[in-house]
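Novice: Before I ask anything, let me first share the structure, which is written out below as structure tokens.
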Amino acid sequence: MVPSPHVLWQFAVVVALLTITPGVDTALVLRSAAVAGRARAWGAVVGIGCGVLAWGALTAVGVSALLVASQVAYTVVRLAGAAYLVYLGLRLLWSAFRGHAGTLAVFTGVTDTFGAGWRQGLATNLLNPKVGAFYLAILPQFIPADAPHLTWGLSLAAVHVAEGTVWLGAGLLLARSLRVWLERPRVVRGIDAVVGTVIAGFGLRLALD
């Protein structure tokens, strides 16, 4: 038993607002697309999608409820995610300051590969407990008590992944179309400074929330 098209459509409308709201995921993909290669940028998109599916599954089986119910567990995940985001942001700011903005090293200095982008996208999404809190607040409203929760949770999360892939993919393609201009050293440093500030700011806000 899977959600009906009507349920999937209703959920799509709800998560569309979350999808188009600029955040860490958007900044990560756009920076990867602008400065690194297409493979790494698409890897980040897929990694983010895998993180969303994981949160959907965890919420459906009740793990996210445990995370929200336990102040200690939530705090640990929140601080780990905040530290990771601040680290990424500071690396970008340091790159902008030093002027080291090679196209083969994004954020962590590893090579420009699909796998590197996937790992970074997955970690960024999974270490954001606010995604789990959002799913915990939304999914129960769409999953009947007698429905197979895991199947429904994954089905609904897949809708979110589809929307996110379209949205982030469009931004990725736009950034790639401007790649010749975006690869200029001064522009790359500016991108690193802006995106680094945004990501580090998200991390600090998460830590202080």
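Novice: Give me the pairs: first residue in the range 71-93 and closer than 15 Å to Arg205 by Cα, second residue assigned to a helix (DSSP H, G or I) and of a type in the set (D, E, K, R), beta-carbon distance under 9 Å, and six or more apart or on different chains, which are they?
Specialist: Partner pairs satisfying both residue conditions: Arg78/Lys130; Gly81/Lys130; Ala82/Arg205.
Novice: Looking only at the range 119-175, count how many residues are crowded, with 22+ Cβ neighbours inside 10 Å, of a type in the set (Ser, Thr, Tyr) and more than 13 Å from the chain's Cα centre (by Cα).
Specialist: Qualifying residue count, the range 119-175: 1.
Novice: Just to be sure I understand, how many residues within the range 1-50 are closer than 14 Å to Glu163 by Cα and part of a helix (DSSP H, G or I)?
Specialist: 20
Novice: When you scan the range 65-88, do you find a residue that is surrounded by 23 or more Cβ atoms within 10 Å (Cβ to Cβ) and of a type in the set (Ser, Thr, Tyr), even just one?
Specialist: Taking the range 65-88 and keeping what is surrounded by 23 or more Cβ atoms within 10 Å (Cβ to Cβ), we get 81, 85, 88.
Now drop any that are not of a type in the set (Ser, Thr, Tyr), which leaves none.
No, that holds for no residue.
Novice: Hey, another quick one. Test Leu79 against the stated conditions and say whether it is modelled with pLDDT of 75 or more and under 23 Å from Val159 (Cα atoms). If you could, list the steps in order and put the result at the bottom.
Specialist: On the way: modelled with pLDDT of 75 or more: yes; under 23 Å from Val159 (Cα atoms): no.
Here the answer is no, as Leu79 does not meet what is asked.
The values are calculated or read from the model by the stated rules, or taken from the named source; none is laboratory data. This structure is a prediction, so every number in the text was calculated from the model and none was measured. Cβ coordinates were reconstructed from backbone atoms using ideal geometry, including for glycine residues, and neighbour counts include every protein chain displayed.
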